[in-house]
Amino acid sequence: CQAERFILEALSHARAQTAAHPLFTALNNLGAALIGKFFLLRDTLPVDEAREPLRTAQPYVEESVQMARAMGDVFPQVFCLGNLGEILVHLGDTAAAEPLLAEALGLAQPHGFEAQVWRLHCTQGELLLSRGQAQEALDQLAAVLSASSRSDQPITRMRLHHASWRAAAALGQDSLALRHLQHYLQLERQRSVRQLRAQSDLFVTRMEAEQARLEAQRQHARARALEADMRRDQLTGLGNRREAEARWPELLDAARSTQAPLSVAMLDLDHFKLVNDHHGHAVGDQVLVALATLLRAHTRATDLAARLGGEEFLLVLRDTDVRAAAEVCERLRSCVQGHDWASVAPGLAVTVSIGLTSAPPYEAQTLSLRADAALYRAKAAGRNCLVQS
C-alpha cells in the first residue's frame, strides 16, 4: 500500500542517517501499518496469505522492541511489546506472545495508559480464542468492551467486536455473535467513511476518486460476505435458522401481494440419533450433507431450503400449490429412501418424514404450526411418509 511504501522510504533514510529517534519512529510506524493491513485482509483472503503482512512486520517490530528497551521510556516499550505480542498471537505463537503481553500490561497499568491496556486485553482475548478457550475469551472481551464504552478508540473497539463475534460464534451463541458482527460492521463503515472523507480532502484527481469508489465497493462486498456467512449452515451449506427468519417473510409478502400459491414443508430425518449412536457422528454429518444435496436437487434457487437445527429442515416453495408441492416432497422422500446410503456406511438406511401445508393464510406462525403438526402425524404414522395439513 502507499503508506507502507512511504514508511519504507523513511526507514531507509533513517538508517542512512544512523539517528536513533527517526529510526525508531519509522520502525514503529511500519509495524503498526502492517498490523493494520493484516486486519483489513484477514476476512477476505486465505489465512496464510492474510498473515503475510505480519511475517513482514515481525523483524521490524522486534528491532523496535530492542530499541525501546534501550531507551528506557515506558510508553514506547508498552506500544512495541503490544505490537509484537499481537503479531505473535495472530501468527499462532501464543506461547511466545503471552509473556510479552503480560510485560506490556505490567508497564501500562501502573502508568494509567488506559487505551493501551484495552488493546492489550483485546489481544489477550484473541490469544484465548486461538487456544480454543472461547468462553474465557468472550468474558474478557465483554469486560473490555464495557470499560471502553465511552472511549474514542474505534479501532480497538472494532477489534473487540470482531473477536467477540468469533468467540460467540464458536460457542454457538448466534444472536450474540450477530450483535457483535453488526457493531463491527457499523464501526467498519464509519471508518471507511472517515477514510474516504480524508481522501477526498487530500486527493482531487479522477483516478484517486475511482480508487476510493472501488475501496468502498470492496468494503461493502466484504460486509455482504460476512452477513451471508452468518446466515449459512456451516456443515450443509444450506441456509440456517437466521436465513429462514430473514427470507420466509419476504416470500410470504410476495405471495400475499398477488395471492400466489406457496407451500411449506417440515422435514425430519427418522431415527437420526440411532444413526449417530450406531455409526458415529462423522457418518451422521455425511448423512446431513447428502440430504442437503438432495434438497437442493429438488428445489429451485428461488425457493428456501434451510436447516433449522439438528436433523430438522424447512422448505418454502414459492408459486407452488399443495398438489405440486406434494409431488415434489414425495419424490424427495423416495429419493432419500432409495439413496445409496451403504456407500456412506455399511448397513446404513435413512428415511425422512415430511409435514406439508400451504397458504393461505399468508402467516408464518400459522403455516409453521400446521407443517409441524403434519410432521408429527407423519412420525406417528410410522415415519418415512408425507402427511398434508
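The values are calculated or read from the model by the stated rules, or taken from the named source; none is laboratory data. For clarity, every value in this text was computed on a predicted model and none was experimentally measured. Here the Cβ positions follow ideal geometry from the backbone for every residue, glycine too, while neighbour counts run over all protein chains shown. For accessibility, only protein heavy atoms count, side chains too; no ligands or nucleic acids. Shrake-Rupley method; radii C 1.70, N 1.55, O 1.52, S 1.80 Å.
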Query raised in the report: Separation of region 109-169 and region 302-324 by C-alpha centroid, Å?
Result: 40 Å
Query raised in the report: Which of the peptides 62-69, 339-346, 37-44 is most tightly packed, and how do the rest follow, judged by the mean count of other Cβ atoms within 10 Å per residue?
Result: 62-69, 37-44, 339-346
Query raised in the report: Efficiency by 1/(1 + (r/R0)^6): what FRET value for Arg256 and Gln66, r their Cβ-Cβ distance, R0 = 56 Å, to the nearest 0.05?
Result: 0.25
Report task. Give the angle, between 0 and 90 degrees and rounded to the nearest 10, that separates the Cα long axis of helix 322-338 from the longest principal axis of the Cα atoms of the chain. Result -> 80 degrees
Report task. Restricting things to alpha carbons, tell me how big region 305-389 is in terms of Rg and Dmax, in Å. Result -> 13.7, 45
Query raised in the report: Per-residue ellipticity at 222 nm for the chain, helices alone: DSSP H runs ≥ 4 residues times -39500 (n - 2.57), over residue total, nearest 500 deg cm²/dmol?
Result: -23500 deg cm²/dmol
Requested in this report: Compute the long axis of helix 134-147 from its Cα atoms, compare it with the longest principal axis of the Cα atoms of the chain, and write down the angle in degrees, 0 to 90, nearest 10.
Outcome: 60 degrees
Requested in this report: Obtain the nm distance between the two label points defined at Thr56 and Cys335 by a simple spin-label model: each point lies 7 Å from its Cα along the Cα-to-C-beta direction.
Outcome: 4.8 nm
Report task. Could I have the simple spin-label model distance between His278 and Glu103, label points 7 Å from Cα toward Cβ, reported in nm to one decimal? Result -> 6.0 nm
Report task. Compute the separation of the alpha-carbon centres of region 326-389 and region 19-72 and state it in Å as a whole number. Result -> 56 Å
Query - P(r) tail fraction, the chain - alpha-carbon pairs more than 25 Å apart, % - result: 66 percent
Query - Descending principal axes extents, region 106-146, alpha-carbon based, whole Å - result: 32, 19, 11
**Report entry** Ser146-Arg194 pseudo-label distance in nm [points 7 Å out on the Cα-to-Cβ vector]
**Finding:** 2.6 nm
Query raised in the report: Per the 1.4 Å probe, what fraction of the accessible area of region 99-194, in percent, lies on carbon and sulfur atoms?
Result: 52 percent
Query raised in the report: So what is the orientation-averaged projected area of region 1-131, using the convex hull of its C-alpha atoms, in nm²?
Result: 7.9 nm²
Query raised in the report: For His111 and Asp48, what does the FRET efficiency come to when R0 = 30 Å and r is the distance between their Cβ atoms, rounded to the nearest 0.05?
Result: 0.20
Query raised in the report: Over region 66-192, one equal point on each Cα, no solvent: what is log10 I(q)/I(0) by the Debye formula at q = 0.12, 0.20 Å⁻¹?
Result: -0.44, -1.12
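Pulled fully out, how much extra length does the chain show between Asp139 and Asp174, if you take 0.36 nm times their separation in residues and subtract their Cα-Cα distance?
11.0 nm
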Report task. Set the Förster radius R0 to 41 Å, insert the Cβ-Cβ distance between Gln365 and His13 as r into 1/(1 + (r/R0)^6), and round the FRET efficiency to 0.05. Result -> 0.05
Report task. Mind pulling the angle between the C-alpha long axis of helix 154-170 and the longest principal axis of the chain? Nearest 10 degrees, somewhere in 0 to 90. Result -> 40 degrees
Report task. Counting only heavy atoms of the protein chains, get the accessible area per residue of region 102-180 (1.4 Å probe) and round it to a whole Å² value. Result -> 45 Å²
Requested in this report: Please label the shape of region 222-346 as rounded, prolate or oblate, based on the square roots a ≥ b ≥ c of the eigenvalues of the alpha-carbon gyration tensor (a/c under 1.5 means rounded; beyond that, a/b larger than b/c means prolate, else oblate).
Outcome: oblate
Query raised in the report: Per residue, how much accessible area does region 284-388 show when a 1.4 Å probe rolls over the protein heavy atoms, in square angstrom?
Result: 45 Å²
